[in-house]
Amino acid sequence: MSYTSWRGVVGCIKPTMRPGSCEELIRLLPEGVSLLPLFLDIRDAKIAGFERAVSDYEPQIARLVEAGVDLVHPEGAPPFMVLGHEKEAELIARWESQYGVQIFTSGTNHIRALKALNVKRFVGATYFSGAINDKFSKYFTQAGFEVLGMDGIDVPFDKVGNLSAHEVYAHIKKVFLKHPDAEAIYMLGSGWRVLEVIDILEQDLGIPVVHPVTARCWEIQRRLVINQPVRGYGRLLAEMPPG
C-alpha cells in the first residue's frame, strides 16, 4: 500500500501512547506534509526498559517503509541515547541501507539542531531523574558538545503532560541561572506541553531553546527540501538555519 502527499509523507514511531506531541507537530508542519504515526508502549523511565525498547522500532520501520513513506523518524531520545552515540549511528546506517529510506532519531535531530544554531556549550532540562541524566550528558559529549548540566524535574513519567508551561518555565530558568554562560537551552523529551513559552524563554534568557517538537518540524522540512519558517516558537523554526 502506498500513501502520497504533495510535499511528502513522514512516518513517525512514537515511543509511548502519550498524547500531545503528535498533534503539536501536525499543527506546525507546512501544508502538504502528512504524518503517519505508529506507537510503541514504553511505560516507565528505567534504563533497562529503554535498552530493550530499541529492538521494537525495527518492525515499525518496516511497516512504514512498506506503506511508502518518504522519511522515517523513530522518536524517543532515551532509547537511542542510552545506546550511545556511536552505536546509534551504526544502527541508523544499517536501517537506511536495509530499508532504502532516510531515517533520523530524536538524538541525531537534536544534535543537528544544536549545530545549526552554532551551539557548542549548552545546559539541558529533562523530566527524568537519577543516573539516566548522566547517560544523556555522555551521549552529547560523545557528539562533541560541552554539557554544562542535565537537570531533571521531579515528576512521574506518566504525568509529564500535566505540568503547566509556567512550571516548566520556572524549572528551565533555574537550570539556566546555574550556568549563565550556556549558549543554548536543550529540552529533552516530547512529553512537555510547553510550546507557548519557547519564545518567552528565548527573550528572557537571551539564548535559543532546542525543543523536541520544533526541532522535529525543522528537520522534517530540511529533509523534504522545504523552507517554510514558523514564527512564535523559537529561533530554530523562525529562521530555518541550514543543518
Note, ³J(HN,Hα) from phi for region 146-152, Karplus 6.51, -1.76, 1.60, rounded to Hz, x at Gly and Pro: 9, 9, 7, x, 9, 9, x
Inter-label distance, nm, simple model (7 Å from Cα along the C-beta direction), Gln228/Asp154: 4.4
Alpha carbon centroid spacing (whole Å) that separates region 78-109 from region 120-166: 20
Cα-only Debye scattering, region 13-52: base-10 log of I(q)/I(0) at q = 0.17 Å⁻¹: -0.55
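Is the shape of region 46-174 rounded, prolate or oblate, going by the alpha carbon gyration tensor and its root eigenvalues a ≥ b ≥ c, with a/c under 1.5 for rounded and a/b larger than b/c for prolate? Before the final figure, lay out each step's value.
On the way: a/c = 1.88, a/b = 1.54, b/c = 1.22.
The shape class here is prolate.
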Residue-wise HN-Hα coupling along region 43-56, computed from phi with Karplus coefficients 6.51, -1.76, 1.60 (Hz; x: Gly, Pro): 10, 9, 9, 7, 4, 4, x, 5, 4, 5, 5, 4, 5, 6
Exposure proxy ranking, count of Cβ atoms within 10 Å, fewest first, for Val209, Val101: Val101, Val209
Over 29 Å between alpha carbons, listed pairs Lys87/Lys173; Lys120/Lys159; Lys14/Lys178; Lys46/Lys178: Lys87/Lys173; Lys120/Lys159; Lys14/Lys178
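Counting other Cβ atoms within 10 Å, keep those with at most 15, restrict to DSSP loop, and tell me which trypsin sites (Lys or Arg not before Pro) in region 176-235 are left. Don't skip to the answer; put the middle values down first.
On the way: sites: Lys178, Arg193, Arg216, Arg222, Arg223, Arg231, Arg235; in loops: Arg193, Arg231.
Of the trypsin sites (Lys or Arg not before Pro), the ones in loops of region 176-235 whose Cβ has at most 15 other Cβ atoms within 10 Å are Arg231.
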Amide H contacts under 5 Å for Gly76, placed H, 5+ residues apart: Ser106
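Calculate how large, on average over all directions, the projected area of the Cα convex hull of region 1-112 is; give the answer in nm² to one decimal. Could the numbers behind the result be given before it?
Numbers: hull surface 28.0 nm².
Projected area, direction-averaged: 7.0 nm².
Could you give the alpha-carbon Rg of region 188-243 over 2.2 N^0.38 Å, rounded to two decimals? Numbers along the way, then the final one.
Values: Rg = 11.0 Å, N = 56, 2.2 N^0.38 = 10.2 Å.
Against the compact-globule rule of thumb, the ratio is 1.09.
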Rg followed by Dmax, in Å, when the chain is reduced to its Cα trace: 16.8, 52
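Rule-based calculations on the coordinates, nothing more; no lab input. Keep in mind that this is a model prediction, so the values were computed, not measured. Cβ: placed from backbone, ideal geometry, glycine included. Neighbour counts: every protein chain shown.
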